[in-house]
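Just below is one structure, and these are the notes that go with it.
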Amino acid sequence: MSESASGAGSIETVDTSLYRVPNEQTLEDATQSFDTLEIVALTAESDDGHRGLGFTYTIGRGGATVKRFLDDELVPLLEGQPVAPRAVRSALRGETTFIGREGISEFAIAAVDIAVWDLLGKHTGLPLCELLGGIREPVTMYETDGGWLQYDADTLVENAREIASDGFAGMKMKVGSSVDRDVDRVRAVRDALPADLHLMLDGNCSYTVPEARQLANRLDDVEITWFEEPLLKGNYASYADLRRRVNVPIATGENFYNETQFQQVIDRNAVDYLQPDVCRVGGITPWMTVADQAATSGLSVSPHYIEPLHAHLACAVDNVPYIEHHSTVLDELLAKPVEVDDGRILPPDRPGHGMSFEDVEQYRAA
């Protein structure tokens with residue numbers, strides 16, 4: 001169903017909230033460590049009484065700034081807007097061009113866009129995946145939570161075996177401490193994983209070009225599905241050069257904030273897997289655009305984090321081989337967490353994205 005044909009009314013009231021949820025342990029990659037997930041939530045109610053939930057996130061800091069941007073700049077523009085996600089997003093971006101189309105503004109717009117799609121789903125009675133033209137079915141996942149940089153090699157091997165027994169399609173592990181250490185750890189994990197399970201490496205933008213080439217070349221005999229974000233964000237020419245010089249596929253995109261940045265790496269033949277994050281790229285609307293851009297170029301999409309939303313989006317397109325199972329911290333806020341069964345996740349069959357927050361007051365930020 002197209003949003004213009006829905007006759008779903010208009011937005012009447014909007015509320016925002018900030019929650020801080022502690023991780024079970026401090027998580028570490030090559031460029032940062034963090035112990036808290038911040039969720040900035042936005043609830044939009046339409047004139048016919050339906051309510052849509054949107055949210056965005058940060059890791060440890062910045063959530064109050066995103067909420068302030070919503071409250072000061074976006075929420076005042078929403079009253080009377082139609083329950084039409086693309087139209088709302090276009091209006092908000094038009095009003096915020098002078099502020100920038102990256103970072104805080106896109107995090108904030110994502111919360112609005114997700115809420116309006118959820119509101120439209122509530123009005124139509126359709127799950128998000130069906131609203132977007134897809135079929136609700138289980139989505140294959142790979143596991144990241146067992147591969148953090150703070151784990152020693154023995155723990156990584158134990159985690160790899162557990163991931164295999166849990167039915168996941170593969171495991172992603174963090175690299176970027178030093179090339180020698182990375183090589184030893186990767187070989188240990190690859191040996192522990194069954195041959196048919198995928199192994200992904202994530203550099204978190206920590207390598208120089210020579211270091212990335214050295215690591216890839218030293219692991220040339222190891223089956224690796226992709227080398228993720230080895231270089232600094234936005235260094236499109238260097239990504240293209242690296243991809244030409246190494247045999248491992250290149251993945252990037254979790255830190256891209258708009259469709260233009262994805263088009264940059266596509267046009268330069270700099271990537272094999274695109275990784276849009278629905279909250280960082282500005283919401284469901286631009287995420288779907290990125291998936292279309294990838295499909296046109298014959299590329300795969302494997303989104304970053306936010307599994308319950310990405311499961312819906314994966315069902316709506318044909319070029320997502322698997323999505324990421326990152327952590328379960330978000331589940332602390334959800335009334336009905338979406339369960340993982342044998343390494344797969346089934347989108348909720350409730351109208352909209354099917355998520356709601358419950359018993360969250362203990363996490364509300366002052």
Next item on the list: Enumerate the pairs (first residue in segment 115-138 and over 12 Å from Gly54 (Cβ atoms) and at pLDDT 95 or above; second residue anywhere and assigned to a loop (DSSP other than H, G, I, E, B) and among the basic types (Lys, Arg)) with beta-carbon separation below 7 Å, excluding pairs fewer than 6 apart on the same chain, so at least 6 apart or on different chains.
Entry: Pro127/Arg136; Pro127/Arg350; Cys129/Arg136; Glu130/Arg136
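Filter segment 116-139 down to residues that are among the acidic types (Asp, Glu) and more than 19 Å from the chain's Cα centre (by Cα) and give me whichever is most open to solvent (accessible area, probe 1.4 Å).
So the residue we want is Glu137.
Based on this model, can you work out whether Ile11 counts as among the aliphatic types (A, V, I, L, M), touching a residue at least 40 places away in the same chain (Cβ under 8 Å) and more than 30 Å from Asp145 (Cα to Cα)?
It is true that Ile11 is among the aliphatic types (A, V, I, L, M), touching a residue at least 40 places away in the same chain (Cβ under 8 Å) and more than 30 Å from Asp145 (Cα to Cα).
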Check: With respect to Tyr142, is the statement that it is surrounded by fewer than 20 Cβ atoms within 10 Å (Cβ to Cβ) and within 30 Å of Glu28 (Cβ to Cβ) true?
Finding: no
Checklist line | Output for segment 153-195, where each listed residue is over 23 Å from the mean Cα position of the chain (by Cα), at pLDDT 95 or above and part of a loop (DSSP other than H, G, I, E, B) | finding: Leu193, Pro194, Ala195
Item checked: Every residue from segment 337-366 that is within 12 Å of Val139 (Cβ to Cβ), out of contact with any helix residue (DSSP H, G or I) (no Cβ under 7 Å at 6 or more places or on another chain) and not in a loop (DSSP other than H, G, I, E, B) -> Val340, Asp341, Arg344
Next item on the list: Please give the helices (runs of 4 or more DSSP H) falling wholly within segment 50-102 in which 2 or more residues are modelled with pLDDT of 95 or more, within 20 Å of the chain's Cα centre (by Cα) and surrounded by 20 or more Cβ atoms within 10 Å (Cβ to Cβ).
Entry: 63-69, 85-96
Notebook entry, point to check: For residues in segment 224-235 being open to solvent by 40 Å² or more (accessible area, probe 1.4 Å) and of a type outside the set (A, V, I, L, M, F, W, C), which is nearest to Pro210 (Cα to Cα)?
Noted result: Asn235
Margin query: Can you tell me which residue is modelled with the lowest pLDDT among those in segment 17-42 that are surrounded by fewer than 21 Cβ atoms within 10 Å (Cβ to Cβ) and in contact with a helix residue (DSSP H, G or I) (Cβ under 7 Å, 6 or more places away or on another chain)?
Written below: Asn23
Item checked: helices (runs of 4 or more DSSP H) (entirely within segment 249-324) containing at least 3 residues that are of a type in the set (A, V, I, L, M) -> 284-296, 307-316
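To keep it simple, each residue is scored yes or no on (1) over 16 Å from Gly253 (Cα atoms); (2) within 11 Å of the chain's Cα centre (by Cα); (3) surrounded by 17 or more Cβ atoms within 10 Å (Cβ to Cβ); (4) of a type outside the set (Asp, Glu).
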| residue | (1), (2), (3), (4) |
| --- | --- |
| Cys279 | no, yes, yes, yes |
| Thr289 | no, no, yes, yes |
| Leu299 | no, no, yes, yes |
| Ile306 | no, yes, yes, yes |
| Val317 | yes, no, yes, yes |
| Thr328 | yes, no, no, yes |
| Lys336 | yes, no, no, yes |
Note to self: Considering only residues that are over 19 Å from Ala188 (Cα atoms) and either open to solvent by less than 30 Å² (accessible area, probe 1.4 Å) or among the small types (Gly, Ala, Ser) (or both), which ones fall in segment 145-171?
What the structure shows: Gly167
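The values are calculated or read from the model by the stated rules, or taken from the named source; none is laboratory data. All figures in this text were calculated on a predicted structure; none of them were measured in a lab. Please note: Cβ atoms are built from the backbone with ideal geometry, for glycine as well, and neighbour counts cover all protein chains shown. Side chains included, ligands, DNA and RNA excluded: accessible areas come from the protein's heavy atoms. Shrake-Rupley method; radii C 1.70, N 1.55, O 1.52, S 1.80 Å.
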